[in-house]
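Input: a single structure, listed below in structure tokens.
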């Protein structure tokens, strides 16, 4: 990770990790790879939530995937995931695989 790069995350990311079975301390450990100044917690706006709900219905993707795509676009961030649902959202924001960033 370069000095000027930041990891953006939201409560939706934390919730997904918890639903996958990660405990609080494991989640903190995951995010500890970045220095505090290289991490930024972002919040979804009401408009982003509303638009994510629309995208969920229009494109048959999970709500959080739609929300992640909108958050990445609106914060000019690179979305990184292996989730194939992001193919349906690539006009909103491109998604890259983690290994592509190494």
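Nothing in this text is a laboratory measurement; each read-out follows from the coordinates by a stated rule. The structure presented is a predicted model; accordingly, all values stated were derived computationally and were not measured. Here the Cβ is made from the backbone with ideal geometry for all residues, glycine too, and neighbour counts use every protein chain on show.
Largest mean-square fluctuation among 54, 88, 46, in a Gaussian network model of the chain whose springs join Cα atoms under 10 Å apart, belongs to 46. For the chain, adding -39500 (n - 2.57) for each run of n ≥ 4 DSSP H residues and dividing by the number of residues yields -12500 deg cm²/dmol at 222 nm. Here the Gaussian network model covers the chain, with springs between Cα atoms less than 10 Å apart; of 47, 85, 65, 47 fluctuates the most.
With the simple model of a label 7 Å out from the Cα in the direction of the Cβ, residue 28 to residue 5 spans 2.6 nm. Between residue 35 and residue 63, the FRET efficiency estimated from the beta carbon spacing at R0 = 22 angstrom works out to 0.10.
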